[in-house]
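Presented below is the structure to which this report refers.
Nothing in this text is a laboratory measurement; each read-out follows from the coordinates by a stated rule. All figures in this text were calculated on a predicted structure; none of them were measured in a lab. FYI the Cβ positions are ideal-geometry reconstructions off the backbone, even for glycines, and counts take in every protein chain you see.
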Amino acid sequence: MSILFICGGEKDGNTSALGRELLAGHDFDQIDLVDYKVYDYGQHFDDDQFDEVLARFKQADTIVLGSPVYWHDLSGMVRNLLDRFYGPVPEGSMAGKRLFFVFQGAAPTPAMLERAEYTVNRFAGLYGMEYMGMATNAREASELAKEL
Ligand SMILES: Cc1cc2nc3c(=O)[nH]c(=O)nc-3n(C[C@H](O)[C@H](O)[C@H](O)COP(=O)(O)O)c2cc1C
């Protein structure tokens with residue numbers, strides 16, 4: 001089983017740390033979206049790296065998607081990535097993969113957590129992945145880790 005952790009927070013930041021807690025004891029690859037130029041949906045620049053991220057995504061059996069809470073929601077980097085699937089990635093084409101969600105912030109409200117999880121759950125469903133759940137703190141990460 002190959003695991004890819006896609007982190008949409010700061011390099012070596014809190015999202016990265018929580019994802020690593022979830023993945024403790026497992027081999028995994030990590031992509032930090034801060035290292036990649038994934039432009040907005042509708043932008044077309046020659047140095048865009050969405051295809052590189054997508055290729056890594058396709059290779060993994062299990063995806064851990066990590067986002068900090070920025071402005072009450074997913075980070076822009078994560079949202080851009082989700083947006084960019086729309087079009088080049090056929091619906092259902094990621095069937096067989098599992099998707100875990102790591103989401104943490106300074107003081108997220110239940111409404112923020114619910115809304116972001118709704119988006120990620122729908123993202124998983126649209127592309128045929130099994131949504132496995134969300135961890136928002138270390139306790140939840142150790143619970144969710146049992147599903148890995
Ligand atoms: C631009 C920005 C917006 C933020 N907005 C929120 C917010 O709406 N709610 C919240 O709880 N934390 C908010 N935070 C705090 C971050 O979620 C928190 O510092 C988080 O741990 C950062 O994760 P990272 O180190 O992986 O980037 C915000 C931080 C930044 C930089």
### Task
Determine if the range 92-114 includes at least one residue that is closer than 12 Å to I6 by Cβ and touching a Lys or Arg at 6+ places or on another chain (Cβ under 7 Å).
no
#### Entry: Pair list, Cβ < 7 Å and 6+ apart or interchain, from the range 54-76 residues that are in contact (Cβ under 8 Å) with a residue 40 or more places away in the chain and at positive phi to residues that are within 16 Å of the ligand (Cβ to nearest atom) and assigned to a helix (DSSP H, G or I)
H72/M112
## Note on the structure
Exception for G128 within (1) touching an Asp or Glu at 6+ places or on another chain (Cβ under 7 Å); (2) not in a strand (DSSP E or B) falls at (1)
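Does the range 121-135 hold any residues that are within 16 Å of the ligand (Cβ to nearest atom) and either among the small types (G, A, S) or touching a residue at least 40 places away in the same chain (Cβ under 8 Å) (or both), and which are they?
Our first condition is that a residue be within 16 Å of the ligand (Cβ to nearest atom); within the range 121-135, this holds for 134-135.
Result: A135, single match.
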### Query
Can A106 be described as aliphatic (A, V, I, L, M), under 16 Å from the mean Cα position of the chain (by Cα) and within 16 Å of the ligand (Cβ to nearest atom)?
no
### Which listed residue, of R139, R115, is more than 17 Å from L22 (Cβ to Cβ) and basic (K, R)
R115
### Query
Somewhere in the range 69-84, is a residue under 11 Å from the mean Cα position of the chain (by Cα), β-branched (V, I, T) and surrounded by 12 or more Cβ atoms within 10 Å (Cβ to Cβ)?
yes
### Query
So how many residues does the range 26-45 have that are within 19 Å of F85 (Cα to Cα) and touching a residue at least 40 places away in the same chain (Cβ under 8 Å)?
6
